[in-house]
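Everything below concerns the one structure shown next.
The values are calculated or read from the model by the stated rules, or taken from the named source; none is laboratory data. Quick caveat: nothing in here was measured; it's all calculated off a predicted structure. Neighbour counts run over all protein chains shown; Cβ positions are idealised from the backbone, glycine included.
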Ligand code: TXA
Ligand code: MG
């Protein structure tokens, strides 16, 4: 038996016995459990130290599974699923009884997606059951894009991780909610931007003559997981909204502002320096947004270990484009400070 087969068989055993496993996907690695094992779902929250108010995404390997998780599957779900799945789009749909309140944090809806990774699809197929999986990191921290990252997040938990290589997309899926209104009108909210853009979704809906509108204001209650801070690396990340400039020019301002940061925002601990910043580490991201997203979390992890006391990313002109929207969202949340 080769090691991939062995990892897969062991993963299925753990899942079937009510355990959790690390699952590769094209976006980030997930910490997966069968949706029909409540203790396993609880274990996800405990292992991640995730508050119970933040709902989990359910992963499917067939459209039929997705339809069964929803009590009101509509034409927009069907169209977008057919067009974008398997892929980095999560749709929030009215949940059916197959989905427990624990998974959805008591919400009447569930986020579903079909991941575009052969090993994730294989795992769900072999389990013969959809798998709930949030990103496999401690709550509020940087998401993992390799098996080694997952192992380093849960050192004392002895988590079994299926190795699917490095994630190709590198940031989490786009999450959308779709509200069906009278006369077959639809209102669509982007709860979390990602690799699949608003324009791509718009194009599919227009081509299929759907009467829809984007809801531009984010309803916090409809999206309990969208805290102001998230994905933070081990040392503070500072995003500077300008092209590169001499570091001395901004260091005084950084030190002054870091000092004023609160300890916690929306129950997420803010990463702060212990003293004055002396050794900033500047991260430069590739010019191509796809590559930049792919490398982003790995760069944060790698550069956090370089014995600097903060990370700096200059967010210059190139970031002013829809293709950077997913990454901009992660930068805003991962940053302890934006200046
Ligand atoms: O790419 C991804 O989506 C990765 C991989 C593993 O699939 N998963 C992921 O899960 O990012 P997580 O738990 O880190 O983020 C899921 C977010 C929640 O924080 C929440 O904001 C939103 O999805 N979500 C899930 N269910 C929802 C629901 N019923 N209503 C509104 N938002 C929901
Ligand atoms: Mg996450």
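Per-residue answers, yes or no, for (1) more than 28 Å from residue 146 (Cα to Cα); (2) in contact with a strand residue (DSSP E or B) (Cβ under 9 Å, 6 or more places away or on another chain); (3) more than 16 Å from ligand 2 (Cβ to nearest atom); (4) modelled with pLDDT under 85:
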site	(1), (2), (3), (4)
169	no, no, no, no
175	no, yes, no, no
217	yes, yes, yes, yes
236	no, yes, yes, no
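When restricted to residues that are more than 16 Å from ligand 2 (Cβ to nearest atom), part of a helix (DSSP H, G or I) and either in contact (Cβ under 8 Å) with a residue 40 or more places away in the chain or in contact with a helix residue (DSSP H, G or I) (Cβ under 7 Å, 6 or more places away or on another chain) (or both), segment 97-117 contains 1. Of all residues in segment 20-68, those satisfying the criterion of being assigned to a helix (DSSP H, G or I) and within 16 Å of ligand 2 (Cβ to nearest atom) are 41, 44, 45, 46, 47, 48. Among the residues of segment 294-338, which ones are farther than 12 Å from residue 233 by Cβ, touching a helix residue (DSSP H, G or I) at 6+ places or on another chain (Cβ under 6 Å) and not in a helix (DSSP H, G or I)? Result: 337, single match. When 251, 291, 311, 306 are screened for being over 22 Å from residue 139 (Cβ atoms), surrounded by 16 or more Cβ atoms within 10 Å (Cβ to Cβ) and more than 16 Å from ligand 1 (Cβ to nearest atom), only 251 passes.
Residue-level check: of (1) near ligand 1 (Cβ under 9 Å from one of its atoms); (2) under 30 Å from residue 270 (Cα atoms); (3) within 17 Å of the chain's Cα centre (by Cα), residue 120 misses just (2). Restricting 94, 130 to residues that are more than 7 Å from ligand 1 (Cβ to nearest atom) and touching a helix residue (DSSP H, G or I) at 6+ places or on another chain (Cβ under 9 Å) narrows the list to 130.
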